[in-house]
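Let me begin by presenting the structure, written as structure tokens, before commenting on it.
The values are calculated or read from the model by the stated rules, or taken from the named source; none is laboratory data. Not measured: the values here are computed from a predicted model. Cβ: placed from backbone, ideal geometry, glycine included. Neighbour counts: every protein chain shown. Surface accessibility is based on the protein's heavy atoms, side chains included, excluding ligands, DNA and RNA. Shrake-Rupley method; radii C 1.70, N 1.55, O 1.52, S 1.80 Å.
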Amino acid sequence: MLCPVKKKKMYIYIYCCEFSAARLEWRPPRPPERTILSLPSRTNAGSYAVLLYDNFFCFFFQILKDITNRFHVMRGDRVHFMPGWDCHGLPIEMKALTEGEVLSHNLYPMETRQKAQKFAEETISKQKAAFIRWGVMADWDSGCYSTFEKEYVAKQLELFFDMYDKGYIYQAFKPVFWSPATKTALAEAELEYNDEHVSRATYVKFPLSKRPSKLSDVFGDVVVWTTQPWTIPANEAVCFLPNVNYCLAKCDSLGECLLVAVERVPSLADSLGMKLEVLQTFSGLKLEGGACRHPTIPMKEIPLLPSNHVTIEKGTGLVHIAPAHGMEDYNVASHHQLPVECLVNEDGIFTENAGEELVGKFVMEQGNLAVIEQLQNAGQLLKEEEHVHSFPYDWRAQCPVLIRASHQWFVDTSAILKHAALENVETHPKLARGSMQALLPQRTYWCISRQRSWGVPIPVFYSCQTHQALINKHTVQHVAKLVRDHGTDCWWTLPLQELLPNALLEKSGKSTEEEFERGVDIMDIWFDSGSSWASVLESVNHCSDLYLEGKDQLSGWFQSSLLLSCAANKRAPFRSLLVHGFATSEDGQKMSKSRGNVVDPMVVVNGGKDKIEEPAYGADVLRWWAAESNVYADVFVGPSVLKRTEDSVFGVRSYLVTFIEVYFCLLFQVLFYLLMNGTTVKSSYNKLISFVGLSIVNQNGHFIVIKLIIIISVPDETPKSAPSKVHHFKFAFASKAHFSSSALSTFTVSKGNEWQGHKK
């Protein structure tokens with residue numbers, strides 16, 4: 001609670017909270033302003049572990065933000081803290097709808113949107129109550145934002161067009177991560193990797209049909225190794241490394257010669273269980289110009305092409321190229337103008353173009369087996385084996401994903417990188433700067449379109465005749481105005497004539513006779529949260545003093561915010577970053593329901609059903625735990641940690657509460673009386689010490705009074721070597737804890753309320 005009293009250009013602020021915090025401070029008439037933007041909290045309260053209101057990770061970063069805010073307020077800064085909620089995307093859909101509704105795709109868009117919005121609004125209320133219970137200071141009535149608000153969405157649409165107009169956003173037919181379970185494209189940040197995924201790995205022969213001009217005497221079969229046999233029907237080339245030596249190895253048991261990298265011969269011989277004799281070696285450069293016969297399509301010839309993305313750590317040193325099913329494969333196809341044909345539909349099923357033997361089969365199961373059978377029948381399968389490796393999964397559906405080419409909208413991140421500099425951004429810890437800069441170049445493009453309905457629509461219309469996209473400043477401004485008037489639902493509820501009236505068609509140079517349809521894709525939720533600065537920080541020139549989140553946001557909110565802001569404003573939307581660690585169990589394990597080590601902060605605060613097994617510690621114990629943690633590393637939490645923290649809190653309370661009860665009111669009343677009677681600050685302070693000192697028997701009592709006033713008046717006593725006072729949580733905690741446990745504990749209060757010095 002904030003209680004300001006203004007008199008003679010002086011501000012006295014007293015904070016009251018559950019523990020016992022107070023503040024007396026001189027303030028300038030116009031205190032400096034600080035803006036701290038919060039990552040929109042996920043409203044998918046439930047399964048995903050790291051961004052939920054009922055998870056310790058969420059509690060940890062909320063308390064760190066609150067400590068930061070209170071620090072600046074106590075220094076005399078005017079703090080603008082804007083907590084928000086990220087309400088769109090599939091996570092909300094999966095919580096608002098039944099599993100059958102999510103996977104059936106039979107609901108009308110507005111049915112999905114209404115259920116999702118209702119769920120989001122209910123969850124926001126629950127989360128807000130939890131944050132208040134944790135003691136987080138904010139304007140919870142009118143100082144929050146959510147990503148489905150009208151103005152927020154309108155600003156996001158305008159940002160989308162601004163980036164499109166500058167050439168940073170484009171539409172293309174490219175391979176993307178695709179989830180067959182939820183029928184939508186995914187970004188890298190939406191994946192988790194299963195290290196125990198089992199694939200059907202195969203060694204496949206590609207008969208050499210055209211000898212390279214520099215190797216006229218070479219013959220035999222080019223051998224490739226793949227963990228995804230279902231991609232073989234879409235093959236368009238075989239790639240090799242130009243700076244690696246290859247060889248022709250004779251296999252006596254097969255009576256054939258195999259073309260592989262020299263370094264891979266021993267491993268291949270062990271894997272096949274056959275003896276291989278090297279007959280001839282040559283540089284990879286000499287393979288250029290050669291061609292192979294497709295292993296399952298006999299009449300199709302495919303080229304041998306050089307590429308630096310090939311590795312020789314596994315396999316044979318040669319890689320088969322399916323441009324529709326691989327990012328590097330697509331780049332090779334683009335460079336050499338190879339066709340990009342996708343034989344897999346949105347359900348992950350082979351289409352008719354794949355042939356009668358494959359059509360209608362799910363590629364990851366029956367389709368894989370069918371392709372392996374085709375290879376076997378064609379005599380091109382050397383070996384099939386189970387291979388355990390890391391594989392991308394849709395973290396929402398917990399199912400493996402495909403790489404599949406489709407028409408999507410992309411952000412050209414490679415073009416933005418030249419503006420994405422972090423030199424003027426203060427990072428804590430300093431290593432975070434290097435980590436973030438290393439991650440940025442790895443993302444050459446960002447797929448931002450999603451095939452769902454709960455989200456912000458991509459404001460594009462398509463010609464029914466040519467399928468060309470129609471988007472310009474006139475159409476986007478009109479849609480943004482409709483959103484401000486009617487909300488985002490207008491994209492689905494209003495007739496097309498209102499969304500795209502004839503007047504707009506004429507301004508766009510289109511015939512009013514031409515038929516159009518509205519787009520059905522929505523934007524990636526990372527585009528939603530990453531554009532928060534455009535709406536929330538408009539009054540402070542779209543730049544926040546601090547972004548504070550966990551280390552996972554180096555590739556998430558931090559990165560998306562940086563990319564979008566640099567595209568629009570050519571600078572970062574933050575002046576400083578604080579990157580903290582994760583909250584883990586006491587033994588350092590990731591919290592998971594399957595392990596039974598999940599700690600619910602609300603249960604810790606209020607207690608569980610069994611008050612003996614799960615006692616109510618209150619918010620103070622949790623806040624103390626967060627304050628004493630090393631925020632830059634992973635922090636541990638569990639029953640024994642909480643018990644030690646509770647003991648620390650009560651140890652401090654036992655001294656401070658008694659002291660405050662006796663002297664607090666007296667100190668402020670005396671000081672206020674002296675100041676109101678025209679006494680100078682210095683004189684008032686000296687008189688205060690003299691006055692209080694009269695009731696203190698031991699001379700050391702002066703030290704306690706002075707020390708307590710200093711601790712109340714100065715938020716931190718951080719060392720000069722500390723990078724920034726506001727972020728030095730651990731040292732600030734240690735200073736106060738040391739004073740309460742050492743200096744203050746050497747005194748006790750007698751029945752007459754007189755301090756008695758004694759050795760503990």
LYS481 versus VAL598: modelled label distance in nm, points set 7 Å from Cα along the beta carbon direction: 4.8
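Show me 200-208, 367-375 ranked by packing, highest mean number of other Cβ atoms within 10 Å first. Display every interim value, and only then the final one.
Numbers: 200-208: 22.1, 367-375: 19.9.
Going from most to least packed, we get 200-208, 367-375.
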Simple spin-label estimate for LYS250 and SER216 in nanometres, 7 Å along Cα-Cβ: 2.3
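Work out the FRET efficiency for GLN398 and ASN308 from their Cβ-Cβ distance, taking R0 = 41 Å, and round it to the nearest 0.05. It would help to have the intermediate numbers written out before the result.
Working: r = 34 Å, r/R0 = 0.84.
With a Förster radius of 41 Å, E is 0.75.
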Those aspartates and glutamates that a straight Cα-Cα span of less than 15 Å connects to LYS609, excepting residues fewer than 8 apart in one chain: ASP600
Label-point separation, LEU494 to ASN377 (7 Å along Cα→Cβ), nm: 5.6
Global size of the range 163-281 as Cα Rg and Dmax, reported in angstrom: 19.8, 63
Full-extension gain in nm, GLU121 to ASN606, via 0.36 nm per residue minus C-alpha separation: 172.2 nm
Rounded FRET efficiency, nearest 0.05, which uses the C-beta distance separating PHE173 from SER414 and R0 of 25 Å: 0.85
Debye intensity ratio I(q)/I(0), log10, the range 411-540, q values 0.09, 0.15, 0.17 Å⁻¹ (C-alpha model): -0.39, -0.88, -1.02
Paired Rg and Dmax values of the range 266-347, which use every Cα atom, in angstrom: 15.2, 47
Estimated FRET transfer efficiency (GLN589, SER334; beta-carbon r; R0 35 Å; 0.05): 0.20
All-pairs alpha carbon distance profile, the range 550-637, 5 Å steps from 0, percent: 3, 12, 15, 17, 16, 11, 10, 8, 5, 2, 1, 0
Exposure of LYS118 as accessible area (Å², to 10), given a probe of 1.4 Å and all protein chains: 130
Computed lengthening from LYS150 to HIS387, 0.36 nm per intervening residue step minus Cα-Cα distance: 80.4 nm
Largest-first ordering by accessible area, 1.4 Å probe, given options LYS430, LYS166: LYS430, LYS166
Rounded, prolate or oblate (a/c below 1.5 giving rounded, otherwise prolate when a/b exceeds b/c) for the range 121-215 by Cα gyration tensor: oblate
Taking only Cα atoms of the range 56-170, radius of gyration then Dmax in Å: 18.0, 56
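Sort PHE60, PHE119 by accessible area with a 1.4 Å probe, largest first. The partial results should precede the final answer.
Values: PHE60 0, PHE119 40 Å².
Highest to lowest solvent-accessible surface, that is PHE119, PHE60.
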Label point at LEU431 placed 7 Å out along Cα→Cβ; residues across the range 621-653 whose backbone nitrogen lies under 13 Å: 631-634
For q = 0.16 Å⁻¹, Debye-computed log10 I/I(0) when each Cα of the range 347-444 counts as one equal scatterer: -0.92
In sequence order, calculated HN-Hα J values of the range 150-163 (Karplus, 6.51, -1.76, 1.60; Hz; x Gly/Pro): 4, 5, 4, 5, 4, 4, 5, 4, 5, 5, 4, 5, 4, 6
Calculated SAXS-style log₁₀ I(q)/I(0) at q = 0.11, 0.17, 0.20 Å⁻¹ - the range 469-581, Debye, Cα scatterers: -0.51, -0.91, -1.05
For the range 128-182: Kirkwood Rh in Å [reciprocal of mean 1/r, alpha carbons]: 15.3
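Contour minus end-to-end for GLU613 and ASN630, with contour as 0.36 nm per residue of separation and end-to-end as the Cα-Cα distance?
Working: separation 17, 0.36 × 17 = 6.12 nm, distance 2.77 nm.
Difference between extended and current length: 3.4 nm.
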